[in-house]
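Asks: Before I ask anything, here is the structure I am working with.
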Amino acid sequence: MRRDREPEERYSWTRPGAFEVAKGVFRIPLPMPANGLRAVSTYAIRSGEDLLMIDSGWAVPEAMTGLQDALELINAGPGDISEFAITHAHGDHYTLAVEVRERYGTPIAIGAGEEANILAVMADWDSGYHVQQRHLIEAGASDLAAEFDQWRTGHSHTSRFAKERYELPDRWLHNGEVIDVGHHEVRAMATPGHTSGHVVYIDHAEGIIFSGDHILPHITPSVGFEPVPPALPLRDFLASLESMLELPDLSVMPAHGPAGFSLHDRSLELLRYHETRLSDMLTVVLAGGRHPLDVARGIGWTRRNTHFDALDPFNRTLALNETVAHLRLLEDRGDLAAGVEAGSPVYALP
Ligand SMILES: [Zn+2]
């Protein structure tokens with residue numbers, strides 16, 4: 001019985017609708033067909049004449065219909081949206097806003113730190129994948145780079161939807177900037193890590209934080225999966241997690257997964273998770289694993305502790321690049337020394 005019920009409960013947050021999570025604030029999940037995440041929660045804040053949308057969903061017909069249906073439940077339509085405030089430039093957050101803007105002229109705001117990423121995708125749609133592939137080659141995993149490329153060609157249908165939907169926003173938001181929505185005041189806060197320009201939006205009066213992909217209840221967000229990643233995305237992400245602890249313990253409204261959990265508890269959990277990963281990787285290096293691939297093979301992956309070699313090429317790519325992000329941070333902290341052997345990085349005790 002339990003086995004049948006569990007997955008259903010785990011994904012109950014994806015059910016369509018407009019769910020009031022605070023006065024005048026509605027959670028609107030929109031579908032992500034053929035994607036493991038299943039849905040993205042967007043949020044509508046309605047006060048007086050204003051209707052602010054936090055994140056927009058993926059530019060696919062199912063999401064556009066979902067948005068129309070959900071807004072209808074609160075007696076509104078896409079043409080009533082006064083502005084989109086986007087958490088980051090990933091397709092499932094940004095691209096439907098561009099489509100709505102095309103039809104209704106709705107202005108779009110996003111963190112200033114996303115400019116390089118958006119420009120790169122506009123210049124080359126595949127730039128995000130190319131950089132992942134380059135990282136694989138740099139880490140000494142050319143075979144995986146070739147496999148990843150092949151896998152990607154076979155799965156291009158999952159990303160093709162939003163291909164034409166990268167355009168510049170109407171304005172760039174900076175850290176601390178406030179958006180007034182009728183009686184609500186929403187403050188943008190820069191939280192680099194998941195992407196360089198990721199921002200969260202805080203409604204202090206309601207005690208809620210729209211966390212985008214910075215804080216998720218069930219998954220650990222990837223870091224630096226973007227066309228123009230910084231040198232140490234994990235260091236940025238951990239600093240952004242620590243900055244959450246300086247805020248009041250707000251209730252989290254995430255982009256994926258059930259809403260309404262403690263900001264402090266989950267931030268601490270994610271910080272501890274990464275410290276454990278860092279020390280696990282250090283242990284593998286101490287035991288003689290020198291190459292990033294050795295380290296990725298020496299630790300478990302996913303909630304089931306799957307071996308690296310049992311993952312599909314896409315997840316192996318994410319796993320290896322995550323390993324590299326941790327190794328670079330260990331090097332930055334002085335816990336490991338990096339060298340080069342036959343053109344690939346190797347790690348050892350300092
Ligand atoms: Zn994302």
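No lab work stands behind these numbers, since they all come straight from the coordinates. In this text the structure is predicted, and so the values were computed from the model without any measurement. Note that we place each Cβ from the backbone using ideal geometry, even for glycine, and neighbour counts take in every protein chain shown.
Asks: Once the other residues with Cβ under 13 Å from the Cβ of residue 103 are scored (Lys, Arg +1; Asp, Glu -1), what is the net sum?
Replies: -1
Asks: Additional query: Roughly what % antiparallel, to the nearest 5, for the DSSP beta bridges in segment 57-195?
Replies: Here the antiparallel bridges make up roughly 40 percent for segment 57-195.
Asks: Across segment 263-279, in residue order, what do the Karplus-derived ³J(HN,Hα) couplings come to in whole Hz, using 6.51 cos²θ - 1.76 cosθ + 1.60 with θ = phi - 60° and x for Gly and Pro?
Replies: With the stated coefficients, segment 263-279 comes to 4, 5, 4, 6, 4, 5, 4, 5, 5, 5, 4, 5, 5, 5, 4, 4, 6 Hz.
Asks: Next question. Local charge sum around residue 345 (other residues, Cβ-Cβ under 12 Å, Lys/Arg +1, Asp/Glu -1)?
Replies: Neighbourhood net charge equals -2.
Asks: For the chain, what is the charge dipole size about the Cα centre, in debye to the nearest 20, if Lys and Arg each add +1 at the Cβ and Asp and Glu each add -1 at the Cβ?
Replies: Approximately 860 debye in magnitude.
Asks: Treat the count of other C-beta atoms within 10 Å as a stand-in for reagent exposure and order 122, 32 from fewest to most.
Replies: Going from least to most buried by this count: 122, 32.
Asks: For residue 40, what residues show an amide H to amide H distance below 5 Å, using hydrogens built from the backbone and excluding near sequence neighbours?
Replies: 30, 32
Asks: What is the order of 299, 28, 219, fewest Cβ neighbours within 10 Å to most?
Replies: Ascending number of Cβ neighbours within 10 Å: 219, 299, 28.
Asks: What is the local net charge at residue 169, summed over the other residues whose Cβ is closer than 11 Å to its Cβ (Lys, Arg +1; Asp, Glu -1)?
Replies: -3
Asks: DSSP beta bridges in the chain, what fraction antiparallel, as a percent rounded to 5?
Replies: Antiparallel bridges make up about 70 percent of those DSSP assigns within the chain.
Asks: I've got another one for you. Enter the Cα centre distance for the pair segment 294-344 and segment 264-278, rounded to the nearest angstrom.
Replies: Measuring centre to centre over Cα atoms gives 18 Å.
Asks: Per DSSP H run of n ≥ 4, the term is -39500 (n - 2.57); total these for the chain, divide by its residue number, and report the mean residue ellipticity at 222 nm rounded to 500 deg cm²/dmol.
Replies: Taken over the chain, the calculation gives -12500 deg cm²/dmol.
Asks: Over the chain, what per residue volume does the convex hull of the Cα atoms give, in whole Å³?
Replies: In the chain, the Cα convex hull volume per residue is 137 Å³.
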